[in-house]
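Here, each number is a calculation from the coordinates, and none is a lab measurement. Quick caveat: nothing in here was measured; it's all calculated off a predicted structure. Methodologically, a virtual Cβ is constructed for each residue, glycine included, from the backbone with ideal geometry; neighbour enumeration extends over all protein chains shown.
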Amino acid sequence: MNFISNFISYVGMMNLTKYIIITGGVVSSIGKGITSASIGRILRSYGLKVGAIKIDPYLNWDSGTLNPYQHGEVFVTYDGMETDLDLGHYERFLDVELPGIANITTGKVYDSVINKERNGDFLGACVQIIPHITDEIKEMIRKTSNSDDFDIVLVELGGTVGDIESQPFLEALRQLRNEEGHDNVMFVHVTFVPYLKAAGEFKTKPTQHSTKELRSTGISPDMIVCRSQEPIDEPLKRKIAHFCDVPYDAVINTPDASTIYEVPLVMDKENVGQYIVDRLKLDELEGLDVNPDSSKLDSWREVVKSLKKQDPEISIGIVGKYIELEDSYMSIREALQHAAANIGVKLNVKFVNSDVNNLKDGTLSDLDGILIPGGFGERGVEGKLDAVEYAIANNIPIFGICLGMHSMVIQFARRIGLEGANSSEFDENNPYPVIDMMEEQKKIKQMGGTMRLGSYDCKLQKDTKAYDAYKQDIIKERHRHRFEFNNEFKEELTNNGLILSGSSPDDFLIEIVELPDHPWFLGCQFHPEFKSRPNNAHPLFVSFVDAAYEYSKNHSEAK
Ligand code: GLN
């Protein structure tokens, strides 16, 4: 009896998860991810525990095989899922680590339903989009909510309303609102309000149309976030409120900001937090600070201030082959900026194409630091090797990540006389495969999800740059690769001066390499960029940017 009443009072105390669903209209790429993450940051400042889900309606199972030129970087979660880059925004803004199930795709939904059908789980029923697919979508959303004790889960639906692929998701989200109740689910519609130069005015019609399109699915938005290039005025907001049938307070304008981290502050000024607190009756939740007090975001405001610092200025080049779409290096670019803010410098990130001949000639000379990011395939690798050579010869700080570390090891090997040394990824028959595939990987032929993925422990060696940065014996970092440092060359490379400062706890896999007689030469097998936060910059990035700053001080006259 006691147990039952304890259990009932425990359940009574537990907060139910509430959902904020974010849809998009008019055009894509208007920053739904940043809008969602910013709402999350505001709610976090109320003391709420906020999680986030990204729905990608494409048929791919995950983001692993997507072309970085089209979709930007693949973000890797701690549990090894290859996901959409919006999860990176959520992790950085919310300062959480999300599980891979927080990225739902049509591929995953259908895969699961078809598996259930093959197992006979539907007991002879005809399997249909409604209810089987929509039930699966709701189950996946609830699974993420239950993975932690979230008060609020943001659910961002990729694409724009009206896309054929989105329809089952919109239907599932409509059902979710009915099942969870009006007070527990709200819809935010993000649109674009264009300015027509010739007419000299902003136009609300696209917003009206996309809201109408959303309504045709049975969903009425509770809030409309209007993206625009410049601020829109009050009469225009009133017009949108009127035609889209939302209260005036629920029309939020987010004009282009100088840094994405400013968006929560812009939205806070528009009282987004208070509106959501009232709409979802969050003041009824236990132990929340729901006072409309603007000091809540003060620490975030400080971070934004440091990110906007204008001097001293330094330049770091990202030498890679996916530079046409800068989003391909999203987390690296952000991690560099977090580190610059931490140190107090303005950082210009320059994208340098590695797929050219003679990178050594001039292109790198006005940089204070070189970062070689991850990548796949042979194209552009020789340019990366040139950049390593240039950094060694000119004592410029250089940071290699994954394929960047491979490039460092290859070039170092060539310098010490292992002529033609390479990674087996680029030349299977090279004479000195200093980077090679792990035995168990060799058997795998399929492309998707077959790498060493997710978070692994790494043991650091004392008195190294890595240890000085982390100040810890064991760290955890995320991985995404097939090829490894080849232990057969361990002795030869270390005898010639390469330091192996990080390894798997059993010493088998090499995780970090360094050169001691260089200002800053460090390559890591993992991707530290995924764990950097604006308010908690990553130690390796801080150490690297600091070295670049030192370099700039000594070389400012020479440039
Ligand atoms: N292509 C390399 C590998 O598979 C490096 C991967 C990466 O840079 N993420 O090991």
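Quick rundown of the values:
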quantity: Relative contact order of segment 477-534, defined on C-alpha pairs under 8 angstrom at six or more residues apart (%); calculated: 35 percent
quantity: Gyration tensor verdict on segment 444-504 (Cα atoms; rounded if a/c is under 1.5, prolate if a/b is larger than b/c, oblate otherwise); calculated: oblate
quantity: Dipole magnitude of segment 19-105, debye to nearest 20 (Cβ charges: Lys/Arg +1, Asp/Glu -1, about Cα centre); calculated: 420 debye
quantity: Inter-label distance for PHE508 and THR259, nm, one decimal - labels placed 7 Å from Cα along Cα-to-Cβ; calculated: 4.2 nm
quantity: Label-reachable residues, segment 167-198, where backbone N falls under 19 Å from a point 7 Å from ASP249's Cα toward its Cβ; calculated: 182-189
quantity: Cα pair distances in the chain, grouped into 10 Å bins until the bin that holds the longest one, percent each; calculated: 3, 17, 25, 24, 18, 10, 3, 0, 0
quantity: DSSP loop GluC sites (Glu not before Pro) with at most 13 other Cβ within 10 Å excluded, longest remaining stretch of the chain; calculated: 1-285
quantity: Segment 181-252: trypsin sites (Lys or Arg not before Pro) in DSSP coil with no more than 11 other Cβ atoms inside 10 Å; calculated: LYS197
quantity: Cα gyration tensor, segment 401-537 - rounded (a/c under 1.5), prolate or oblate; calculated: oblate
quantity: Rel. contact order, % - alpha carbon contacts under 8 angstrom, at least six apart, the chain; calculated: 14 percent
quantity: Segment 374-530, relative contact order [Cα under 8 Å, separation at least 6], %; calculated: 26 percent
quantity: Unit charges at the beta carbon, dipole of the chain: most positive-side option, TYR432, VAL303, THR77; calculated: VAL303
quantity: Listed pairs LYS212/LYS281; LYS54/LYS531; LYS350/LYS471; LYS54/LYS143; LYS459/LYS490; LYS143/LYS459 exceeding 24 Å between Cα atoms; calculated: LYS212/LYS281; LYS350/LYS471; LYS143/LYS459
quantity: FRET efficiency estimate (nearest 0.05) - Cβ-Cβ, ASP148 to ASN115, R0 30 angstrom; calculated: 0.75
quantity: Inter-site label distance for VAL356 and ASP457 at 7 Å from Cα along Cβ, in nm; calculated: 4.5 nm
quantity: Model label zone, GLU378; criterion: amide N under 13 Å from point 7 Å along Cα-to-beta-carbon; scope segment 392-423; calculated: 422-423
quantity: Selection from HIS132, GLY502, TYR467 lying farthest towards where the dipole of the chain points positive, charges on Cβ; calculated: HIS132
quantity: Separation between Cα centres of segment 130-189 and segment 492-534, rounded to whole Å; calculated: 42 Å
quantity: Separation in nanometres of the label points that stand 7 Å from Cα toward Cβ, at THR65 and GLU286; calculated: 4.7 nm
quantity: CD proxy at 222 nm, helix term only [per DSSP H run n ≥ 4: -39500 (n - 2.57); per residue of the chain; nearest 500]; calculated: -10500 deg cm²/dmol
quantity: Computed E for ASN184/ASP135 - FRET, C-beta separation, R0 22 angstrom, nearest 0.05; calculated: 0.75
quantity: Gained length - GLU201 relative to ASN487, 0.36 nm times residue gap less alpha-carbon distance; calculated: 96.5 nm
quantity: Segment SER556-GLU324, extension gain: residue separation times 0.36 nm, minus the distance between their alpha carbons; calculated: 80.6 nm
quantity: Most positive-pole-ward Cα, SER258, PHE243, LEU282, against dipole of segment 243-289 from beta carbon charges; calculated: PHE243
